[in-house]
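To start, the structure under review is shown below, and the notes come after it.
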Amino acid sequence: MATRSPAVPAPIKIRSLKELVDSGLQYVPETYIRPPHERVDTTSLSVPVNGSFPEKLPIISLRQSGNQLRQQIGLACKEWGIFQVIDHGFPTILKTELWEAISHFFSLPTDVKIELVSQGPSSPLFFFSGLYAQDTVSDWKDTLGFRPNRSTNLNLLPSFLREPLLKFEWKMGILAQKLIEMVFSSLRLDENIFSEIHTRRRTMTFNYYPVCPEPNLTYGLSSHSDIGSITILMQDAVKGLQVKREERWIDVEPMKDAFIVLIGDQIEILTNGHYESVEHRVTTNKTVPRMSVACFFAPSEEDVVRPLKEFVDAEHPSLYKETKFCDYLRNGLSKPLSGKTNLKFSSLKLLPA
Ligand SMILES: O=C(O)CCC(=O)C(=O)O
Ligand SMILES: [Fe+2]
């Protein structure tokens, strides 16, 4: 471990973590250091218990037909809240073009990055480094975000990003629609109505996790569940994403060409906990940067989500308060996302409906 120098003041507001790391950083600045109880516990990573671990996430081929596919998706949602999909038919060229564009974005000098995304409040593009809302400890990453339905003026997007972003987003919308329909139809709910509601608000984020000199002190992204309905994730070949299952953290093995599908909080609320949102986090490493693309699908901000009557009876009383998605969003983003302080585990659950 590098010697921590008290002469170097901890930076408070970091404009770009990549820039800081590229300048030859030898230690983790205070603002990124997790308190001891929140640090990566490597002893709990996929440790075999009676030979039954490590388990692997379900891998589902979209080449299968209706019923079989529905059943597999239903089982994966119920047991894991996360699965990988293959044979999805998503054009490789669109992934490659997007990947090249965002790699280029992250390679630009910080001033240029900030200039490119600062097009006023209606801009569909945003960039931030590390600190998420009012969390007190920063995550070890830089993030570029894209809200395709935030603004009509998508022509203002930087030209090298515009084409790849829009083409990718359009195709991803089609894949998401199909997956969300399958999730709802595995619950015997009207997939047309629900998939329409739960894809209204779309956000894409592009994460760059630089190498970290002291990975045991940090998280690329601390433990959380996604606050929307469903997330589709693309990671590169670098490990880092982990999911919590039966109190153990399991690595999500990078799989070439696969997408990772995660169940979010709105599906948990809607199903009164029948499908639970999945807790996940990202660890850092010393040797190679990692990138990921996350596509979030959620109800619109004015939509109200509450447990459906199909999932509430005398044996299963309503566990969640009825909430407008914008209120959920506001509360979710204003709380620390680390550990069990996540919204999923706190205020909304078990309140009188
Ligand atoms: O980078 C990843 O693999 C995970 C990203 C994630 O969980 C998120 O953005 O919510
Ligand atoms: Fe997430």
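The values are calculated or read from the model by the stated rules, or taken from the named source; none is laboratory data. Just so it is clear, the model here is predicted, and its values are computed rather than measured. Backbone-built Cβ (ideal geometry, glycine too); neighbour counts: all protein chains shown. Surface accessibility is based on the protein's heavy atoms, side chains included, excluding ligands, DNA and RNA. Shrake-Rupley method; radii C 1.70, N 1.55, O 1.52, S 1.80 Å.
The table that follows gives values for the structure above.
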quantity: Condition met for Ser318 (small (Gly, Ala, Ser), within 16 Å of ligand 1 (Cβ to nearest atom) and over 18 Å from Trp80 (Cα atoms)); calculated: no
quantity: Selected residue [more than 28 Å from Thr96 (Cβ to Cβ) and free of Cβ contacts under 8 Å to residues at least 40 places away in the same chain] from Glu279, Glu196; calculated: Glu196
quantity: All positions within segment 242-252 that are within 12 Å of ligand 1 (Cβ to nearest atom) and assigned to a loop (DSSP other than H, G, I, E, B); calculated: Val252
quantity: Subset tally (residues that are modelled with pLDDT of 90 or more and of a type in the set (S, T, N, Q)) for segment 142-163; calculated: 2
quantity: Answer residue from segment 206-217, given it is outside any loop (DSSP other than H, G, I, E, B) and open to solvent by 20 Å² or more (accessible area, probe 1.4 Å) and is nearest to ligand 2 (Cβ to nearest atom) among those; calculated: Tyr208
quantity: Residue that is farther than 23 Å from Phe146 by Cα and either surrounded by 22 or more Cβ atoms within 10 Å (Cβ to Cβ) or near ligand 1 (Cβ under 10 Å from one of its atoms) (or both), where the choices are Leu270, Leu262; calculated: Leu270
quantity: The one condition in (1) at pLDDT below 85; (2) open to solvent by less than 20 Å² (accessible area, probe 1.4 Å); (3) within 16 Å of ligand 1 (Cβ to nearest atom) that Ala176 fails to fulfil; calculated: (1)
quantity: In segment 230-252, the residues that are away from ligand 2 (no atom under 13 Å from the Cβ) and farther than 18 Å from Phe206 by Cβ; calculated: Lys239, Arg245, Glu246, Glu247, Arg248, Trp249, Ile250, Asp251
quantity: Leading residue by the ranking (nearest to the chain's Cα centre (by Cα)) among those in segment 253-276 that are outside any loop (DSSP other than H, G, I, E, B) and away from ligand 2 (no atom under 16 Å from the Cβ); calculated: Ile269
quantity: Test: residue in segment 218-241 that is open to solvent by 10 Å² or more (accessible area, probe 1.4 Å), assigned to a loop (DSSP other than H, G, I, E, B), of a type in the set (S, T, N, Q) and over 24 Å from Leu175 (Cα atoms); calculated: no
quantity: Exclusive hit being over 15 Å from Ala294 (Cβ atoms), within 16 Å of ligand 2 (Cβ to nearest atom), polar (S, T, N, Q) and modelled with pLDDT under 95, set Ser223, Ser185, Ser195; calculated: Ser223
quantity: Selection count where residues are open to solvent by 20 Å² or more (accessible area, probe 1.4 Å) and aromatic (Phe, Trp, Tyr), scope segment 70-126; calculated: 3
quantity: Residues located in segment 185-201, provided they are farther than 12 Å from Gln266 by Cβ, among the hydrophobic types (A, V, I, L, M, F, W, C) and open to solvent by less than 40 Å² (accessible area, probe 1.4 Å); calculated: Leu187, Leu189
quantity: Pick from segment 277-297, criterion more than 12 Å from ligand 2 (Cβ to nearest atom) and crowded, with 23+ Cβ neighbours inside 10 Å, ranking: nearest to the chain's Cα centre (by Cα); calculated: Phe297
